[in-house]
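The values are calculated or read from the model by the stated rules, or taken from the named source; none is laboratory data. Source: prediction; values computed, not measured. We place every Cβ from the backbone using ideal geometry, glycine too, and count neighbours over all the protein chains shown. Each accessible area value is taken on the protein alone, full model and side chains, heavy atoms only, with ligands, DNA and RNA left out. Shrake-Rupley method; radii C 1.70, N 1.55, O 1.52, S 1.80 Å.
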Amino acid sequence: MHAGQIVLLLLAAVAAGWVDAVVGGGGVLQLPVLLVAGVPPVQALATNKSAAIFGTASAAVTYARRTKLDRAVAVPAGALAVAFAGLGAASAALLDAAVLKPLVMVVLLGVAVFVTLRPAFGRLPQPHLRTRGRVVAALVVSGMAIAYYDGILGPGTGTFLLIAFTSILGMDFVHASATAKVINTGTNLGALAVFAAQGHVLWAVGLSMAVCNIAGAQIGARMALSRGSGFVRVVLLCVVAALVAKLAYDQFLAP
């Protein structure tokens, strides 16, 4: 790997950390750069996790210090996420990603349309939606379903978590993003443990990128907290558009 590729990887890690801290989806920047640098797909996915977990965890700490986390959701969902993301990573070889990507594109397009047509969505909290049944639903969706998806494929995990907490529990975008960081840290940990045990992580590359990922995550978390839900909404729509474009390219145009 030559100097130019290393610089590109580090810059991508900063940008990915920023995106992940605000709305999730930083993998759409970090993972392709690893592939362009010549890292094989499974090692790229594993090394991406080794960098992303540090940035996501640092953003989670920043959010927890400066805003109120819904710990009754974040802690159990985060614990579930470790197990189910690990399960997803362990079974990644059993699923053809080409089958899943079109479905993910459709879901992301639905998210974009929904958020665009409802400009007030996520701007203010709706505490009346937080019932016991909805809390259980949020735990299942975030700690099990989305966590498993992150282990087996991954693109847009943080974005899906953000939308889940906003729509199911009525959180505003900032608090939903804060809670999502805890669960996303769990999904990264579970998947990374499996990939590491299988020997797929390029630790020197991943840890170098992790430093830059943390820097980007700190900037992103502070911007989200200071600028509020309107800012997060705009970034969310941009990230969803980028995710759809990336998945469409992989599905229909990539050689």
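Details
- Enumeration of residues in region 165-183 that are open to solvent by 10 Å² or more (accessible area, probe 1.4 Å) and part of a helix (DSSP H, G or I): Ser167, Ile168, Val174, His175, Val182
- Val201 vs. criteria touching a helix residue (DSSP H, G or I) at 6+ places or on another chain (Cβ under 7 Å), modelled with pLDDT under 95, under 27 Å from Leu80 (Cβ atoms) and of a type in the set (A, V, I, L, M): yes
- Cβ separations smaller than 6 Å between residues 6+ apart or across chains give the following pairs from region 209-226 residues that are in contact (Cβ under 8 Å) with a residue 60 or more places away in the chain to residues that are aromatic (Phe, Trp, Tyr) and buried (at least 17 other Cβ atoms within 10 Å of the Cβ): Ala210/Phe54; Asn213/Phe54; Ile214/Phe54; Gly216/Trp18; Ile219/Trp18; Gly220/Trp18; Ala221/Tyr63.
- Just one of the numbered conditions (1) among the aliphatic types (A, V, I, L, M); (2) in contact (Cβ under 8 Å) with a residue 40 or more places away in the chain; (3) in a helix (DSSP H, G or I) is not true of Val39: (3).
- Scanning region 123-158 for residues that are part of a loop (DSSP other than H, G, I, E, B) and under 21 Å from the mean Cα position of the chain (by Cα), we see that the one that is surrounded by the most Cβ atoms within 10 Å (Cβ to Cβ) is Gly156.
- Test for Gly25: is it open to solvent by 40 Å² or more (accessible area, probe 1.4 Å) and outside any helix (DSSP H, G or I): no
- Test for Ala224: is it under 18 Å from Leu161 (Cβ atoms) and either among the small types (Gly, Ala, Ser) or outside any helix (DSSP H, G or I) (or both): yes
- Residues that are in contact with a helix residue (DSSP H, G or I) (Cβ under 9 Å, 6 or more places away or on another chain), modelled with pLDDT under 85 and over 20 Å from Thr187 (Cα atoms), drawn from region 108-146: Leu109, Val111, Ala112, Phe114, Val115, Thr116, Pro119, Phe121, Gly122, Arg123
- Region 193-203, residues that are open to solvent by 20 Å² or more (accessible area, probe 1.4 Å) and either on the phi < 0 side of the Ramachandran plot or aromatic (Phe, Trp, Tyr) (or both): Ala193, Val194, Ala196, Ala197, Gln198, His200, Leu202, Trp203
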